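Visitor: My questions will all concern the structure given below.
The values are calculated or read from the model by the stated rules, or taken from the named source; none is laboratory data. Please read all numbers here as calculations on a predicted model, not as lab measurements. Every residue, glycine as well, gets a Cβ built from its backbone with ideal geometry; the counts of neighbours run over all protein chains shown.
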2 protein chains.
Amino acid sequence: MSEPLSTEPYKGVRDFYPADWARLSGVFTSIRTTLSTWGYQEYQASPMERAEIYESKTSEEIVNEQTYTFTDRGDRRVTLRPEMTPTLARMVSAKRRELAFPLRWFSIGNRFRYERPQKGRLREFYQTDVDLIGLPEGEADAEIISIAHAVFNSLGASDADFTIQLNSRTLLNVAMNALSFTDEEQSGYLALIDRKKKMSAEEFAQKRAPFERDGIDPLALIEARTNLDVDGEYQKVLLLIQKLSARGITNVVFDPSTVRGFLYYTGIVFEVFDTNTENPRALGGGGRYDGLVSLFGGDPIPAVGFAIGDVTLLDFLATHNLLPENTSAPQIYIGTPSKEDISAAVLFAATLRSSGIRVFSNLTEKSLGDQIKDAVKRDIPYFIAYGSEEAAGKKVKIKELATSSEKSLEKKKVADYVKKYA
Amino acid sequence: MSEPLSTEPYKGVRDFYPADWARLSGVFTSIRTTLSTWGYQEYQASPMERAEIYESKTSEEIVNEQTYTFTDRGDRRVTLRPEMTPTLARMVSAKRRELAFPLRWFSIGNRFRYERPQKGRLREFYQTDVDLIGLPEGEADAEIISIAHAVFNSLGASDADFTIQLNSRTLLNVAMNALSFTDEEQSGYLALIDRKKKMSAEEFAQKRAPFERDGIDPLALIEARTNLDVDGEYQKVLLLIQKLSARGITNVVFDPSTVRGFLYYTGIVFEVFDTNTENPRALGGGGRYDGLVSLFGGDPIPAVGFAIGDVTLLDFLATHNLLPENTSAPQIYIGTPSKEDISAAVLFAATLRSSGIRVFSNLTEKSLGDQIKDAVKRDIPYFIAYGSEEAAGKKVKIKELATSSEKSLEKKKVADYVKKYA
């Protein structure tokens, strides 16, 4: 016989065993519920996208170094989506005449980036994307940040657990224009401050120097607010923070060095951070991207949105003891004293199933003692041994495994009992 | 400005707009609920798999012509999973010492095959895989077929709507051995009868001729049942059909030409078909594969499972008028007479959201008449115009858009009202 195959998954991706998946899908269920109360509806698309849609206006780092791009058997270039926004813009543009704007849409799914696997970074991760399309800045920006806040709240996080760092690309652009930056200087400067948090103060001081004019760079200009245009844009950001505060959202702070990696942002940008510095990576973020949809033709459609990744989110929930419990385990184990009892036990199990109970049926010849041990190992709370006596009679004994207490119950009352207690 | 990008998705895959996704995810929710009552728990894995796991024991047609396989930036060969079973076998083998057998697992997710797109066939489709691992033939086979049956029942299908065609690879093997087929003849013969339903009777007669011995081929031998070993295996299939019938499953029929494409099946194999011949493709199918897990090392672990694809399933549900309704639309639209009312309206919307109501907030300066038209277009059943009077008072007027009837209601009673009627 040949060498056995390796049981490892592909490098940098995860296998989700049932308990892992129950936890992650519990998080998604909570997020879906919150988003639906905001009137958002879920859409989906294939992870296989035409490669060209990432090449015109996204993060150059991602396109050049981090995409999974290959050529199919028909010579088409395919990219496994590294993010959802270009797909969203494509879908919106395709039906722009039929759709009722504004669109309130979200999508939860996997994204792919060829990165070096490390804490908080994998080659496949799950992301929740939430977008409000067809409304200009102002109320729409406030809604998107409110929703990001509500999602964390609904997962059990309080305002002390996370911070929303808010900035405006427009503000940065006005400041860069006030210092007469060329296009090249603008993209170089944005890339620099996007990496600021990963540098020492010395390194940043050294790297910002070439961008200074008379000793002042755009960040310093924003902090000084001596320039009228810069101050005007700054006041707009402040107004948004005040509006959110009036809604009870008090953990939004202005941070002029928040830029986000993607090139397509045009207005506000924001990132969500854990207040516990053990998780230094952003938990999510987003911003306004008014030009992206029109890359697919037609007039620009204003849009704002955000995304939350699962890897850093799970770290955050674990740190704050907010991980949901596994709720997918069966509620009752139907054991059988002997093999001959299985047929009748399966019929009894069917009556419980038709009442919506999650039933695990024994189909083995294990002893009843071993079946009870098996039920305990599986975290199943109730056990019934269903033999010829139970098949012939009207009652069964239901055992609560946590306490080993047993109770006689009419068969037709088992479903209600389990529904109530399991 | 450069040419706009095309809005088409990649060839052969689908964009799911919210109404489309609500329908498909409604089907998945129904399937998940049914499977959980059988004690099955969901697992997941990345669609990116190491290419080698498909090359040893799966369908040769799929590996050679239909996989998406590429080389990553680190020179690893990656395949986008064309099916889930090899991944499942890998995951089970990786934790075989820790897991409590039997495993009752399922997974719902996308699969990828480079096929010529046509009715019922796409390059990306969703599949529900259900597997019972660690039990030999007999009760486990009966459970798996019962579950396939229950899934269709729970989607609203009756026994008149679909048929389960059952066969046994063992039976075919015994018949082929009785005629002393070589390995090459065996795989050639299996491939031939797998394609039987796509051929005319004449074509099949011509192609089976080389496999006849004294005018009889394995299928004819099975039909005759003159050979004792063949008849013994046939009786086992019959017993399974009787067992299912005793459970009220009456649409299982023996079909000796059902083989399934994959090479790894070792025992029963079955396929589910629409009784309406407009949908000639199998709606799903599966079988026993006792050897697959041990390809990853260790002793063989017996296993049986089945899968249902979404493309043919949606065709089936549409044909029989069983498609679920879209339930993701918001329940109420909060309109605003003027822009100044938005802040207060958003706070009112927040109180409804905290009661779990799906609320769509107007953030535009459209007239109230246009907002009502907008709500109708979005299939939102209720509408409230929230102006300064409503903000100051205790009551609002709630409009039922289907009838245009209006009702005055205390603000704090709106959530309960909408929950009850929307």
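Visitor: So A:Tyr114 passes all but one of these: (1) under 15 Å from the mean Cα position of the chain (by Cα); (2) under 26 Å from A:Leu192 (Cβ atoms). Which condition number does it fail?
Guide: With (1) under 15 Å from the mean Cα position of the chain (by Cα); (2) under 26 Å from A:Leu192 (Cβ atoms) applied to A:Tyr114, the lone miss is (1).
Visitor: Residues to consider are A:Leu35, A:Leu88; find the one that is within 21 Å of A:Asp299 (Cβ to Cβ), more than 8 Å from chain B (Cβ to nearest Cβ), modelled with pLDDT of 95 or more and buried (at least 18 other Cβ atoms within 10 Å of the Cβ). Explain how you work it out, then say what you get.
Guide: Numbers: A:Leu35 fails: within 21 Å of A:Asp299 (Cβ to Cβ).
Answer to the check: A:Leu88.
Visitor: Only one of (1) in the same structural domain as A:Phe296 (by TED's automatic domain parsing); (2) farther than 23 Å from B:Leu122 by Cβ; (3) basic (Lys, Arg) fails for A:Lys11. Which number is that?
Guide: The single condition A:Lys11 does not satisfy is (1).
Visitor: Considering each residue of region A:320-342, count those that are at pLDDT below 95, surrounded by 15 or more Cβ atoms within 10 Å (Cβ to Cβ) and of a type in the set (Ser, Thr, Tyr), and give that number.
Guide: Of the residues in region A:320-342, 1 are at pLDDT below 95, surrounded by 15 or more Cβ atoms within 10 Å (Cβ to Cβ) and of a type in the set (Ser, Thr, Tyr).
Visitor: I've got another one for you. Condition test on B:Arg123, is it within 17 Å of B:Met48 (Cβ to Cβ), touching a helix residue (DSSP H, G or I) at 6+ places or on another chain (Cβ under 6 Å) and buried (at least 19 other Cβ atoms within 10 Å of the Cβ)? Before the answer, list the steps.
Guide: Numbers: within 17 Å of B:Met48 (Cβ to Cβ): yes; touching a helix residue (DSSP H, G or I) at 6+ places or on another chain (Cβ under 6 Å): no; buried (at least 19 other Cβ atoms within 10 Å of the Cβ): yes.
When the stated conditions are applied, B:Arg123 does not pass them.
Visitor: Restricting to strands (runs of 3 or more DSSP E) lying wholly in region A:321-422: which have 3 or more residues that are among the charged types (D, E, K, R) and at negative phi? Even if it seems obvious, please write down each step before you answer.
Guide: Working: elements: A:332-335, A:359-361, A:382-385, A:395-400, A:405-410.
The qualifying strands (runs of 3 or more DSSP E) are A:395-400, A:405-410.
Visitor: Now, a different point. Do we have B:Ser245 as within 14 Å of another protein chain (Cβ to nearest Cβ), within 27 Å of the chain's Cα centre (by Cα), within 28 Å of A:Val346 (Cβ to Cβ) and among the polar types (S, T, N, Q) here? Please lay out each step first, then the result.
Guide: Numbers: within 14 Å of another protein chain (Cβ to nearest Cβ): yes; within 27 Å of the chain's Cα centre (by Cα): yes; within 28 Å of A:Val346 (Cβ to Cβ): yes; among the polar types (S, T, N, Q): yes.
Spelling it out, B:Ser245 is indeed within 14 Å of another protein chain (Cβ to nearest Cβ), within 27 Å of the chain's Cα centre (by Cα), within 28 Å of A:Val346 (Cβ to Cβ) and among the polar types (S, T, N, Q).
Visitor: Tell me, please, whether a residue that is modelled with pLDDT of 95 or more and either among the acidic types (Asp, Glu) or closer than 30 Å to A:Tyr333 by Cα (or both) can be found in region B:45-65.
Guide: Scanning region B:45-65 turns up at least one residue that is modelled with pLDDT of 95 or more and either among the acidic types (Asp, Glu) or closer than 30 Å to A:Tyr333 by Cα (or both).
Visitor: Name the single residue, out of those in region A:343-357 being in contact (Cβ under 8 Å) with a residue 60 or more places away in the chain and facing another protein chain (nearest Cβ under 7 Å), that is surrounded by the fewest Cβ atoms within 10 Å (Cβ to Cβ). Walk me through it before giving the result.
Guide: At the first step, the residues of region A:343-357 found to be in contact (Cβ under 8 Å) with a residue 60 or more places away in the chain are A:348, A:351-352, A:355-357.
From what's left, facing another protein chain (nearest Cβ under 7 Å): A:356-357.
Numbers: A:Gly356: 14, A:Ile357: 23.
Within region A:343-357, the match that is surrounded by the fewest Cβ atoms within 10 Å (Cβ to Cβ) is A:Gly356.
Visitor: Moving on. Six or more apart or on different chains, Cβ atoms under 7 Å: show the pairs whose first residue is in region B:213-235 and on the phi < 0 side of the Ramachandran plot and whose second is part of a strand (DSSP E or B) and not hydrophobic (A, V, I, L, M, F, W, C).
Guide: B:Glu233/B:Ser168
Visitor: So, of the residues in region A:75-85 that are at the interface with chain B (Cβ under 10 Å from one of its Cβ atoms) and among the aliphatic types (A, V, I, L, M), which turns out to be nearest to the chain's Cα centre (by Cα)?
Guide: Here the residue is A:Leu80.
Visitor: So for region A:296-313 (the condition being within 21 Å of the chain's Cα centre (by Cα) and among the acidic types (Asp, Glu)), does at least one residue qualify? I'd like the intermediate steps shown before the answer.
Guide: If we filter region A:296-313 for residues that are within 21 Å of the chain's Cα centre (by Cα), which is where we start, we get A:303-313.
The next check asks that each one be among the acidic types (Asp, Glu); those that pass are A:310.
The answer is yes, given that some residue of region A:296-313 is within 21 Å of the chain's Cα centre (by Cα) and among the acidic types (Asp, Glu).
Visitor: Could you please tell me which pairs satisfy a Cβ distance under 7 Å, a separation of 6+ or placement on different chains, a first residue in region A:286-301 that is of a type in the set (A, V, I, L, M), and a second residue that is assigned to a strand (DSSP E or B)?
Guide: Listed by first residue and then by second, the contacts come to A:Leu292/A:Ala303; A:Val293/A:Ala303; A:Ile301/A:Ile133.
Visitor: Quick check on region B:1-21: of everything there that is at the interface with chain A (Cβ under 7 Å from one of its Cβ atoms) and in a helix (DSSP H, G or I), which residue is nearest to the chain's Cα centre (by Cα)?
Guide: Selected residue: B:Trp21.
Visitor: Condition check: assigned to a helix (DSSP H, G or I), touching a residue at least 60 places away in the same chain (Cβ under 8 Å), surrounded by fewer than 17 Cβ atoms within 10 Å (Cβ to Cβ) and more than 8 Å from chain B (Cβ to nearest Cβ). Does A:Thr312 satisfy that? Show your work before the answer.
Guide: Working: assigned to a helix (DSSP H, G or I): yes; touching a residue at least 60 places away in the same chain (Cβ under 8 Å): yes; surrounded by fewer than 17 Cβ atoms within 10 Å (Cβ to Cβ): no; more than 8 Å from chain B (Cβ to nearest Cβ): yes.
Considered against the rule, which asks whether it is assigned to a helix (DSSP H, G or I), touching a residue at least 60 places away in the same chain (Cβ under 8 Å), surrounded by fewer than 17 Cβ atoms within 10 Å (Cβ to Cβ) and more than 8 Å from chain B (Cβ to nearest Cβ), A:Thr312 comes out as no.
Visitor: Can you tell me which residue is nearest to the chain's Cα centre (by Cα) among those in region B:64-74 that are at the interface with chain A (Cβ under 7 Å from one of its Cβ atoms) and surrounded by fewer than 19 Cβ atoms within 10 Å (Cβ to Cβ)?
Guide: Going through the qualifying residues, I end up with B:Asp72.
Visitor: Would you confirm, using the coordinates I've provided, whether B:Arg281 is within 27 Å of A:Pro9 (Cβ to Cβ), touching a Phe, Trp or Tyr at 6+ places or on another chain (Cβ under 9 Å), assigned by TED's automatic domain parsing to the domain that holds B:Asp129 and of a type outside the set (Val, Ile, Thr)?
Guide: Details: within 27 Å of A:Pro9 (Cβ to Cβ): no; touching a Phe, Trp or Tyr at 6+ places or on another chain (Cβ under 9 Å): yes; assigned by TED's automatic domain parsing to the domain that holds B:Asp129: yes; of a type outside the set (Val, Ile, Thr): yes.
It is false that B:Arg281 is within 27 Å of A:Pro9 (Cβ to Cβ), touching a Phe, Trp or Tyr at 6+ places or on another chain (Cβ under 9 Å), assigned by TED's automatic domain parsing to the domain that holds B:Asp129 and of a type outside the set (Val, Ile, Thr).
Visitor: Keeping to region A:373-392, report how many residues are without any contact (Cβ under 8 Å) to a residue 12 or more places away in the chain and over 25 Å from B:Leu103 (Cα atoms).
Guide: Within region A:373-392, the subset without any contact (Cβ under 8 Å) to a residue 12 or more places away in the chain is A:373, A:377, A:389, A:392.
Retained after the next criterion (residues that are over 25 Å from B:Leu103 (Cα atoms)): A:389, A:392.
Summing the residues that are without any contact (Cβ under 8 Å) to a residue 12 or more places away in the chain and over 25 Å from B:Leu103 (Cα atoms) in region A:373-392 gives 2.
Visitor: Sticking with this one: Within region A:192-294, which strands (runs of 3 or more DSSP E) (wholly inside it) include 2 or more residues that are of a type outside the set (D, E, K, R) and in contact with a Gly (Cβ under 9 Å, 6 or more places away or on another chain)? Working first, answer last.
Guide: Values: elements: A:252-254, A:268-274, A:284-288.
The strands (runs of 3 or more DSSP E) meeting that bar are A:268-274, A:284-288.
Visitor: Please enumerate the residues belonging to region A:99-150 that are polar (S, T, N, Q), closer than 20 Å to A:Trp21 by Cβ and either more than 9 Å from chain B (Cβ to nearest Cβ) or in contact with a Lys or Arg (Cβ under 8 Å, 6 or more places away or on another chain) (or both). Write out each step before concluding.
Guide: Looking only at region A:99-150, we keep the residues that are polar (S, T, N, Q), and these are A:107, A:110, A:118, A:127-128, A:146.
Those still in the list that are closer than 20 Å to A:Trp21 by Cβ too: A:107, A:110, A:127-128.
A:Gln127, A:Thr128 - these are the residues of region A:99-150 that are polar (S, T, N, Q), closer than 20 Å to A:Trp21 by Cβ and either more than 9 Å from chain B (Cβ to nearest Cβ) or in contact with a Lys or Arg (Cβ under 8 Å, 6 or more places away or on another chain) (or both).
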